[in-house]
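S.K.: Please read through the structure below; I'll follow up with questions.
The values are calculated or read from the model by the stated rules, or taken from the named source; none is laboratory data. This one's a predicted model, so the numbers in the text were calculated from it and none came from an experiment. Cβ coordinates were reconstructed from backbone atoms using ideal geometry, including for glycine residues, and neighbour counts include every protein chain displayed.
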Amino acid sequence: MGTQDASGDEDCLFCQIANNQSEAEILLSDDELVCFRDMKPGAVHHYLVVPRRHIDNCKTLQRDNVSLVERMEEMGRSILQKNQVCDLDDISKMNMRSQLRYGPQSHWFITVDKVLSQLKTGGKVK
């Protein structure tokens with residue numbers, strides 16, 4: 001199904017970070033989520049929020065993951081507030097290389113609104 005228990009996947013960098021087996025600085029965390037700076041940031045405020053439970057990718061999310069995605073968004077917004085980022089346009093300013101890798105035209109990019117919309121209607125995340 002694309003998810004594993006809290007032990008995670010030993011080869012997954014995100015699981016290693018979530019389990020404190022990495023040099024990454026955890027900025028915020030709780031029992032379910034961790035937030036940290038991207039190791040190769042595409043913008044000044046490039047943070048990642050990941051669940052402690054391994055999820056292969058967003059395409060494996062299902063309807064019962066809606067609350068998880070909502071909590072991930074809340075934590076992301078919280079770290080932005082903590083860092084006094086008021087202008088959300090500021091977080092989207094990326095250099096050209098980062099735009100290609102992380103921007104709307106990359107296969108990695110999907111908005112929270114799109115994920116939630118697709119999950120709530122019972123569809124698959126595309």
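S.K.: Give me the residue from the range 74-95 that is at pLDDT below 75 and of a type outside the set (Val, Ile, Thr) and, out of that set, nearest to the chain's Cα centre (by Cα).
M.R.: Per the criteria, the residue is Ser92.
S.K.: Okay, next question. If a residue has to be touching a residue at least 12 places away in the same chain (Cβ under 8 Å) and surrounded by 13 or more Cβ atoms within 10 Å (Cβ to Cβ) to count, how many in the range 113-126 make the cut?
M.R.: 4
S.K.: When the residues of the range 10-44 are filtered to those that are surrounded by 14 or more Cβ atoms within 10 Å (Cβ to Cβ) and of a type in the set (Asp, Glu), which remaining residue is modelled with the lowest pLDDT?
M.R.: Ranking the candidates gives Asp38 first.
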